[in-house]
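To start, the structure itself, in structure tokens.
The values are calculated or read from the model by the stated rules, or taken from the named source; none is laboratory data. Given the structure is predicted, the values throughout are model-derived calculations rather than measurements. In this analysis, Cβ positions are derived from the backbone assuming ideal geometry, glycine residues included, and neighbour counts consider all displayed protein chains. The protein model used for the area step is the full one, side chains on, heavy atoms only, and it has no ligands, DNA or RNA in it. Shrake-Rupley method; radii C 1.70, N 1.55, O 1.52, S 1.80 Å.
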Amino acid sequence: MYDILVIGSINADLVFHTDKRPEVGETVLGNSFITVPGGKGANQAVAAARLGAKVGFIGCVGDDANGRVMLENLQGQGVDLQGISILRGMSTGVAGIVLSGGENSIIVIPGANHLVSKAIIDEHIEMISSSRMVVLQLEIPIETVEYVLDLCSKKNVPVILNPAPAADMEADSILKATYITPNETEVIHLFGNRKVEDILKEYPNKLILTQGKKGASFHDGDKLIHVEGHPVKTVDTTGAGDTFNGALAVAFAEGKDIIKAVEFANKAAAISVTKLGAQGGMPRREDLNNS
Ligand code: RIB
């Protein structure tokens, strides 16, 4: 049914742009404020849809104004909404983002995202088993993520697990994912404070480390492979990791091998940081071909 099914969060991002990030106890005057669509799940879905994939989504919003705007946005970007529940009396997830010098600090209030339950997953089993690839992050309850990983491994549906934001998970559950895409903080959180190269070597062609503008690395069973990032003028890094994951899913669903898939994802992520907002700079297929 779908090339890619994202199961995850939907947030309204409240972005405060400031030259100076406030210290503890400090008040600063910022430059501008904007509300834009976000949430790691929604961002990854939009990244994949912009690149031409048929994308479905399982998640929850509240019955509030933010929820309505976020759903309109997803629909406008071509993401199918039939797996999204609108929960009465709940608030849609929000993220407060301080953006300074192109880099962000984020606080997420999950709201309806925390009600993406196993029962909701059970209502959409057919959607999951008929998708070519499932993509997960950790902004919905971890027990739901673990449930989906188990389900997908039983049904042989490949999964990308983007373990962000860092959270504790059962070790055997993590490994049910086909691909795991932590950043440098998350890999240590999940696999312990060891040399990252040794961790990558233990999970060849499965564990893909994202390294921001430096690119990404994985072990191919024989050697460590590093795929270089692309130098660009950075406006906002918010959503770069999500663009990487959405694009990676598209590349795998199209049958690209892991090196080609990571190159494709790196390129998409680099373009994404050149505009404001998590989804603002996400490229379309033609942008990638022309870059
Ligand atoms: O990865 C970026 C996203 O993290 C933002 O859009 C924000 O909503 C938080 O979920």
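Taken as a whole, the structure leaves Phe33 outside the set of residues that are over 17 Å from the mean Cα position of the chain (by Cα), crowded, with 17+ Cβ neighbours inside 10 Å and not in a helix (DSSP H, G or I).
Look at region 20-45: where a residue is within 16 Å of the ligand (Cβ to nearest atom) and a partner is assigned to a strand (DSSP E or B) and open to solvent by 70 Å² or more (accessible area, probe 1.4 Å), sitting 6+ places away or on another chain with Cβ atoms under 7 Å, you get Phe33/Phe16. Taking region 203-225 as the range and being in contact with a strand residue (DSSP E or B) (Cβ under 8 Å, 6 or more places away or on another chain) and open to solvent by 80 Å² or more (accessible area, probe 1.4 Å) as the test, only Lys214 passes. Restricting attention to region 52-83 and to residues that are in a loop (DSSP other than H, G, I, E, B) and of a type in the set (A, V, I, L, M), the residue that is farthest from Ala251 (Cα to Cα) turns out to be Leu81.
So that you can scan it fast, the table gives a plain yes or no per residue for (1) charged (D, E, K, R); (2) modelled with pLDDT under 95:
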position	(1), (2)
Asp64	yes, no
Asn104	no, yes
Pro110	no, no
Asn113	no, no
His124	no, no
Pro141	no, no
Val157	no, no
Ile160	no, no
Ser173	no, no
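Given the residues Val196, Val134, Val145, which is the only one that is hydrophobic (A, V, I, L, M, F, W, C), crowded, with 20+ Cβ neighbours inside 10 Å, more than 16 Å from the ligand (Cβ to nearest atom) and closer than 20 Å to Gly241 by Cα?
Residue meeting the stated conditions: Val134.
Screening Lys260 against (1) assigned to a loop (DSSP other than H, G, I, E, B); (2) over 20 Å from Leu74 (Cα atoms); (3) open to solvent by 20 Å² or more (accessible area, probe 1.4 Å) leaves a single unmet condition, (1).
For Thr185, state whether it is of a type in the set (S, T, N, Q), part of a helix (DSSP H, G or I) and buried (at least 19 other Cβ atoms within 10 Å of the Cβ). When the stated conditions are applied, Thr185 does not pass them.
Would you please name the residue that is most open to solvent (accessible area, probe 1.4 Å), looking only at residues in region 110-129 that are within 14 Å of the ligand (Cβ to nearest atom) and either over 30 Å from Ser153 (Cα atoms) or in contact with a Ser or Thr (Cβ under 8 Å, 6 or more places away or on another chain) (or both)? Restricting to residues being within 14 Å of the ligand (Cβ to nearest atom) and either over 30 Å from Ser153 (Cα atoms) or in contact with a Ser or Thr (Cβ under 8 Å, 6 or more places away or on another chain) (or both), the top hit is Pro110.
Restricting attention to region 86-105, the residues that are buried (at least 17 other Cβ atoms within 10 Å of the Cβ) and either assigned to a strand (DSSP E or B) or aromatic (Phe, Trp, Tyr) (or both) add up to 9. Here the condition is being of a type outside the set (A, V, I, L, M, F, W, C) and free of Cβ contacts under 8 Å to residues at least 24 places away in the same chain; of Asp150, Asp222, it holds for Asp222 alone. The single residue among Ala45, Ala49 that is part of a helix (DSSP H, G or I) and either touching an Asp or Glu at 6+ places or on another chain (Cβ under 6 Å) or open to solvent by 10 Å² or more (accessible area, probe 1.4 Å) (or both) turns out to be Ala49.
Screening Asn289 with (1) open to solvent by less than 60 Å² (accessible area, probe 1.4 Å); (2) at pLDDT below 95 gives one miss only, at (1). Against the numbered list (1) over 18 Å from Asp242 (Cβ atoms); (2) under 19 Å from the mean Cα position of the chain (by Cα); (3) within 16 Å of the ligand (Cβ to nearest atom), Gln75 comes up short only at (3).
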